[in-house]
Amino acid sequence: RNCIKCPAQPDEAQEKVLKPALVCSLFPNVPPTIYFSTRDERVEKLPWEQRKLLRWKMCAVTPNIVKQTVGRSHFRVSTKSNDWLGCWGHHMKSSSFRAIKEHQKLNHFPGSFQIGRKDRLWRNLLKMQARCGKKEFNFFPQSFILPQDIKLLKKAWEEGASRQKWIVKPPASARGIGIQVIHKWSQLPKRRPLLVQRYLHKPYLIGGKKFDLRIYVYVPCYDPLRVYLFQDGLVRFASCKYSSSMKSLSNKFVHLTNYSVNKKNAEYKSNSDETACQGHKWALKALWSYLTQKGVNSEAIWEKIKDIVIKTIIASEPYVNSLLKMYVRRPYCCHELFGFDIMLDENLKPWILEVNISPSLHSSSPLDVSIKGQMIRDLLNLAGFVLPSTASVASGLQTQNGSTCSLGSALKEKPKPASEHFIAEKMKKAYYLTQKIPDQDFYSSVLDTLTPGDVRVLVETEDEYSRRGQFERVFPSHGSMRYLRFFEQPRYFNILLTQWELKYCSNKQKGLELLKNWCVKGYHAGAGTESAQMWSLPKSFLLQKSDVPSNSFSKLELGKLG
């Protein structure tokens, strides 16, 4: 349906653009997703039978910006109901993810603390550095985790210069709590555990002050891995001018950039204009404009930040995927927003400071509201919330017409013999994952014949990309081939999507038309109502294995490939 404008009225609320409640897929036979609007729009109401399914689970940590965004799409919020579609809450123990139903979506992945905790982040990046080389993983300061690394720290300390500085951080704290900069061994806190890092003592300064960047990173899926960066963010300044003097080390307003620390300084100046380079908090886009005016290639810095983000997310990938298989019913159930803190040194090289798995979404100024509000709205559209069937929400049991079933009932059914097409898919995956020295010519053949499983993933990926708003997808992209070697183990769908991007990045329309043809071929004429019911569950997102196009991957073709 087309968007329509309300007739002009003196009442400001009636001048808002009316938007449809659902966003249609780019492809036939694929269910629509729920639309989340900006503050300048209003969303039409669905019929009551569908609207009553719009429930959002509230938690003590659910940010107001999320509450307001889901409220504009007519979600009812509840703290008690278990029949929710979405939740923005605390991270949970991995085993607790079992309780999430197939049609529900939580804003965390099990195991994401592998980069969200400071000690785990550095341990995993060090592991990547040892496996892939220091040249590729040289974007984090030398780090030690105490008490395990106390001897290594002592050796590095003794080998360093006399005026060296180190920064000490608790491994699981936030908002600058417990952080201090030291220069004597005797100043090292006795409590453990601790993270001790070599201090970046020559930061790039603006107006004599140091600053860091808050980059918003969204991961809707880990297998295949898809990573997005929001094109705006926050620049947070220390509220006092930087000094390399040892006497200044105890002054947090000089050495820390956290907003929660610096807002306590009487000299702190807020900024309500997202285009202005003023005060102690800027929009990221304002920083890029400032640097460009100074003759700096800000695009080159952004490319380096993308590289850091992709490699850091890959460092968490084996842990998250292992736990997803153990505890999560389906990939649809999880997604996550990460807050990457990046600092630029005097040579404008970006360094990662930490990763937040629950980045602050509190909006204390018009600048925060503008950036975080747009980001959350775009994120929820990217997430692709789908209306489930009423029956699946009510019981999760198989209905009389057999159109829906729960995970439990599916497990109780007698296992059916694997179809020829399912076996062919397994053989194709094995073929592309077992080559010892694969090259581009070999990988490119993955697109020669697509299986129904391939089409499902490609359709989901292209649909998601079409809803990206101001997010930029950085993985997969046409340049993602170089990152495949950093994965602890290769993933078939990462290879597939990377090759798809290589082939169709300059001609998206051609790729979309190909997929549309597959979707049409995958459905029998006259499926009618049965297909509509089948598509009502997220578990039936894309093409079903039973609805196989005539040119699907056969054993014979696999034999030819092999």
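Numbers below:
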{"quantity": "Ranked packing of 349-355, 226-232, 206-212, 288-294, most packed first, by mean Cβ within 10 Å", "calculated": "226-232, 349-355, 206-212, 288-294"}
{"quantity": "Long-range HN-HN contacts of GLN180 with modeled amide H, under 5 Å", "calculated": "VAL168"}
{"quantity": "Which of CYS24, CYS519 is most accessible, then next, and so on - probe 1.4 Å", "calculated": "CYS24, CYS519"}
{"quantity": "VAL23 long-range amide H proximity, modeled H, under 5 Å", "calculated": "THR33, ILE34, TYR35"}
{"quantity": "Probe 1.4 Å, accessible area per residue of the range 191-334, Å²", "calculated": "39 Å²"}
{"quantity": "Percent accessible area from carbon and sulfur atoms, the range 424-528, protein chains only, probe 1.4 Å", "calculated": "51 percent"}
{"quantity": "Charge sum, other residues only, whose C-beta stays under 10 Å from TYR319's C-beta, Lys/Arg counted +1 and Asp/Glu -1", "calculated": "-1"}
{"quantity": "Accessible surface, per residue, of the range 77-157 when the full set of protein chains is kept, probe 1.4 Å, Å²", "calculated": "46 Å²"}
{"quantity": "Percentage relative contact order, the range 113-383, counting C-alpha pairs under 8 Å, at least six apart", "calculated": "21 percent"}
{"quantity": "Karplus-derived HN-Hα couplings along the range 28-39 (A = 6.51, B = -1.76, C = 1.60, θ = phi - 60°), whole Hz, x at Gly and Pro", "calculated": "x, 6, 10, x, x, 10, 6, 8, 10, 9, 7, 5"}
{"quantity": "Gyration tensor verdict on the range 122-185 (Cα atoms; rounded if a/c is under 1.5, prolate if a/b is larger than b/c, oblate otherwise)", "calculated": "oblate"}
{"quantity": "Top positive-direction residue, dipole computed over the range 234-289 with Cβ charges, set MET246, SER272, VAL261", "calculated": "MET246"}
{"quantity": "Under Karplus coefficients 6.51, -1.76 and 1.60, residue-wise ³J(HN,Hα) of the range 228-235 in Hz, glycine/proline x", "calculated": "10, 10, 6, 6, 10, x, 10, 10"}
{"quantity": "Centroid-to-centroid separation of the range 346-388 and the range 144-209 [C-alpha atoms, Å]", "calculated": "28 Å"}
{"quantity": "Around LYS165: net Lys/Arg minus Asp/Glu count, Cβ-Cβ under 12 Å", "calculated": "+4"}
{"quantity": "Listed residues VAL77, VAL455 arranged by accessible area, highest first, probe 1.4 Å", "calculated": "VAL77, VAL455"}
{"quantity": "Between the range 35-108 and the range 268-317, the alpha-carbon center distance in angstrom", "calculated": "31 Å"}
{"quantity": "Exposure ranking of TYR222, TYR242, TYR319 by accessible area [1.4 Å probe, largest first]", "calculated": "TYR319, TYR242, TYR222"}
{"quantity": "The range 24-75 - charge dipole about Cα centre, Lys and Arg +1 at Cβ, Asp and Glu -1, debye rounded to 20", "calculated": "240 debye"}
{"quantity": "The range 424-528 - Rg over Rh from alpha carbon coordinates, Kirkwood radius", "calculated": "0.98"}
{"quantity": "Vicinal HN-Hα couplings computed from phi for the range 287-298 (Karplus, 6.51 cos²θ - 1.76 cosθ + 1.60; Hz; Gly/Pro x)", "calculated": "4, 4, 5, 4, 5, 4, 5, 7, x, 8, 7, 5"}
{"quantity": "Solvent-accessible area per residue for the range 424-528 (1.4 angstrom probe, square angstrom)", "calculated": "46 Å²"}
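The values are calculated or read from the model by the stated rules, or taken from the named source; none is laboratory data. Small disclaimer: the values here were computed from a predicted structure and weren't measured. We place every Cβ from the backbone using ideal geometry, glycine too, and count neighbours over all the protein chains shown. Keep in mind that these areas ignore ligands, DNA and RNA; they rest on the heavy atoms of the full protein, side chains included. Shrake-Rupley method; radii C 1.70, N 1.55, O 1.52, S 1.80 Å.
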